[in-house]
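Accompanying notes for the structure given below.
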Amino acid sequence: MRFARVIVDVPIEQPLDYALGDCDPASLVPGTPVLVPFKRSDQVGIAVGLAADSALPPDKIRPLIAPILIAAPLGERWLKLTRFAADYYHCAWGEVALPALPPMLRRRPVARLAQRVEKMRAAPVGVATADAVGSGADGAGPAVPVLRDEQQAAVDAIAAAAGYARFLLFGVTGSGKTEVYLHAIAATLAADPAAQALLLVPEINLTPQLEALVRARFPGEAVASLHSGLNDGERNAAWLAAHEGRARIVIGTRLAVFASLPRLRLVVVDEEHDPSFKAGQGVHYSARDLALKLAQLAEAPVVLGSATPSLETWAAAQAGRYALLRLTGRGGAARSEVELPRVEMIDLKRHPAEHGLADPLRAALRSTIERGEQALVFLNRRGYAPVIACDACGWLSNCPRCSAFASFHKGERQLRCHHCGWQARVPAACPTCGNQDLSAVGHGTQRIEETLQLALPGARIRRIDRDNTQRRHAAREMLDAMHAGDIDVLVGTQMIAKGHDFRRVALVGVLNADAQLLAGDFRAPERLFATLLQVVGRAGRSGQPARVLLQTRHPGHPLYAALARHDFPRFARDQLAERRAMRLPPFVHAALLTATSRDMSDAVGLLQVAQGLGQALMDGGAAGAVKLYDAVPMPLERLAGEHRAQLLVEAARRSDLHAFLVRWLAALRREVASQKLRPRWNLEVDPIAI
Ligand SMILES: [Zn+2]
Ligand SMILES: [Zn+2]
């Protein structure tokens, strides 16, 4: 063998060939990180094979510098998964594989890496910090709850799976999905002394409390956590512990799907519908979808859990491709009974909102506080008002860099764009006509907080959203105060909806859900239903009767009707019927080609070139049943000064789509290079918004 095939983090499809030079081929088994010269610098790559010949002319082949032999090579399964992801998302293997490596392997290796790794091996992994234990487990050793029959049945079904099996664990908030995960993990680890389990959770759910709970329940095990909040040292140590099998439980956010887990025997994806599992930049992979592939490669069961599964997952379960495990929350011990709150609509046409609040909600808030109970007010819009306007000339506070309004933040006297981060002082007078009478239009959380203070004098009202939780622990302190009963009304965005178990909340007010109800994106109803069901689930969790009041102009809308009945299956059935009729995912497979440029005509121009190439492939009979749409500006057409356009491709069969994409993108790359087209372009497979 004279050559090594190496992948590096560049958009070049084929692995690169390097001469072995002085390197011992035995030290270059596939999966070994290597240092190679690339262009004018050295880069870290991964050896993926050895070869006797190279198609490259000898003068183009440079010698490999050295293998990086600090840990065992990456396993065959890991190589297969990253290779699969690259093929599926139509990017280079190295673009998926290299970013998944820990920082110590990605950067140019420094001296003494081996000593650092030795130190990491000696240090304990996943010992709960005093902070996490103090606020979470209250110091006491946790009692393992007795499972209800339906939970036990779910655990048994997962444990009985031999090899690859897909499960959807469908259960309302509070029905005990987490206990099923923990018991399934315990059963997996007990069955095999070397087994590893992976628990993927959305970014916002990976709290110190969850980590502390898992660690407390598995006191003898090292638990590694992998998420974007770690510093390099923490990430290196967690990655290595997983790679070497010392950590048998790995909890992480989407990037953890690419962790190296040589003895993986169980994969769990909690809140599988959460959009944060889809990467928003770089390679647009879905960690949920890759978790299924990972489990298949590992011949292990995979459990997708949700109270509001994605419609793709739900359709697969309905079709029998995933085994459906259902938790109703009923039966068994009384303390885990789930009392569903009563959901009522307030018709804004009959009860117009005043300063954002309708009278029935005001009255309900007042009586809730009088009874000494707590309330939540949910509004998915931060800031004081989404726009300010000049009544004299019609000027509106547009963001200068985006095709969107800049929101008014009152306390800071600022205009802020929630899309690109642009901010400026609020003008004292209209920039167009000089009128000093500018008015705030619409309501954000800051304004509702003000309204509540006026409507409920003496009440303890607090707000929680991204603007006032920048400080570390700020959100935690606020939620602790809520738990302690030091807050009467908590107003906030999605942050109040996720994962908190407020026992004394007897009323939830929902404002302006209509905005998302009428949004253009085809996934908007699915997201709205998931969010609202989560918000609704905050009320009455200790069993007292609770109410949810939703202000709307569309009180008869089927989505709200399904919400009022807590009926996800009905909602999903209606949505899927609509998707089928409109030829939308999951009934078609789609990819979205986007182009961005300083100039819209350049962006659209590149996509038109792509469209022509695609049409030529189809005319030549080289493409199956693929449909190519016109190039159009994206819904948010300008973002941070860049114009954006999109072109949608779809096919009834996934294999047709991918066969087309391979040829189409190859043609596009050639054309972009030969015409020196400047707009940047990106392909997203299974786009999250169309
Ligand atoms: Zn004006
Ligand atoms: Zn902007």
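At a glance:
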item: Members of the range 431-446 found to be within 16 Å of ligand 1 (Cβ to nearest atom) and either buried (at least 19 other Cβ atoms within 10 Å of the Cβ) or small (Gly, Ala, Ser) (or both), listed by number; result: Gly434, Leu438, Ser439, Ala440
item: Candidates Leu396, Leu415, Leu357 - the one that is closer than 30 Å to Pro558 by Cα and of a type in the set (A, V, I, L, M); result: Leu357
item: Residues that are surrounded by 17 or more Cβ atoms within 10 Å (Cβ to Cβ) and among the polar types (S, T, N, Q), drawn from the range 515-574; result: Gln516, Thr531, Gln534, Gln551, Thr552
item: Members of the range 349-406 found to be within 16 Å of ligand 1 (Cβ to nearest atom) and not in a loop (DSSP other than H, G, I, E, B), listed by number; result: Val387, Ile388, Ala389, Cys390, Leu396, Asn398, Phe405
item: Verdict on His284 being farther than 23 Å from His183 by Cα and touching a Lys or Arg at 6+ places or on another chain (Cβ under 9 Å); result: yes
item: Subset tally (residues that are more than 13 Å from ligand 2 (Cβ to nearest atom) and surrounded by 12 or more Cβ atoms within 10 Å (Cβ to Cβ)) for the range 415-430; result: 4
item: Options Gly383, Gly442: the member that is of a type outside the set (S, T, N, Q) and within 16 Å of ligand 2 (Cβ to nearest atom); result: Gly383
item: Residue ID - nearest to ligand 1 (Cβ to nearest atom), chosen from residues in the range 415-430 that are hydrophobic (A, V, I, L, M, F, W, C) and farther than 16 Å from Leu396 by Cβ; result: Ala428
item: Pair list, Cβ < 6 Å and 6+ apart or interchain, from the range 631-649 residues that are under 21 Å from Phe660 (Cα atoms) to residues that are hydroxyl-bearing (Ser, Thr, Tyr) and in a strand (DSSP E or B); result: Gln646/Thr594
item: Any hit, the range 497-507, residues being under 20 Å from Asn380 (Cα atoms), loosely packed, with under 15 Cβ neighbours inside 10 Å, out of contact with any Pro (no Cβ under 6 Å at 6 or more places or on another chain) and modelled with pLDDT under 90; result: yes
item: Candidates Val535, Val609, Val604, Val632, filtered to the one that is of a type in the set (Val, Ile, Thr) and assigned by TED's automatic domain parsing to the domain that holds Ala353; result: Val535
item: Residue among Ala389, Ala406 that alone is over 28 Å from the mean Cα position of the chain (by Cα) and either within 11 Å of ligand 2 (Cβ to nearest atom) or crowded, with 18+ Cβ neighbours inside 10 Å (or both); result: Ala389
item: Every residue from the range 549-568 that is assigned to a helix (DSSP H, G or I) and in contact (Cβ under 8 Å) with a residue 40 or more places away in the chain; result: Leu559, Tyr560, Leu563, Ala564, Phe568
item: Residue within the range 16-32 that is touching a Ser or Thr at 6+ places or on another chain (Cβ under 8 Å) and farther than 23 Å from Val257 by Cα present; result: yes
item: Given (1) touching a Ser or Thr at 6+ places or on another chain (Cβ under 7 Å); (2) of a type in the set (Gly, Ala, Ser); (3) in a helix (DSSP H, G or I), number of the condition Ala291 does not satisfy; result: (1)
item: Test: residue in the range 515-535 that is within 20 Å of Leu479 (Cα to Cα), modelled with pLDDT under 95 and in a loop (DSSP other than H, G, I, E, B); result: no
item: Filtered residue count, the range 642-671, keeping only those that are under 15 Å from Leu613 (Cα atoms) and surrounded by fewer than 19 Cβ atoms within 10 Å (Cβ to Cβ); result: 9
item: Given (1) among the acidic types (Asp, Glu); (2) away from ligand 1 (no atom under 16 Å from the Cβ); (3) in contact (Cβ under 8 Å) with a residue 40 or more places away in the chain, number of the condition Glu412 does not satisfy; result: (3)
item: Selection count, the range 273-295, where residues are in contact (Cβ under 8 Å) with a residue 60 or more places away in the chain and in contact with a Leu (Cβ under 9 Å, 6 or more places away or on another chain); result: 11
item: Verdict on Ala572 being farther than 21 Å from Gly282 by Cα and in a helix (DSSP H, G or I); result: yes
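Residue-wise test of (1) touching a strand residue (DSSP E or B) at 6+ places or on another chain (Cβ under 8 Å); (2) modelled with pLDDT under 95.
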position: Asp156; (1), (2): no, no
position: Ala162; (1), (2): no, yes
position: Arg166; (1), (2): yes, no
position: Ala184; (1), (2): yes, no
position: Pro193; (1), (2): no, yes
position: Leu206; (1), (2): yes, yes
position: Gly229; (1), (2): no, yes
position: His243; (1), (2): no, no
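The values are calculated or read from the model by the stated rules, or taken from the named source; none is laboratory data. Given the structure is predicted, the values throughout are model-derived calculations rather than measurements. Neighbour counts run over all protein chains shown; Cβ positions are idealised from the backbone, glycine included.
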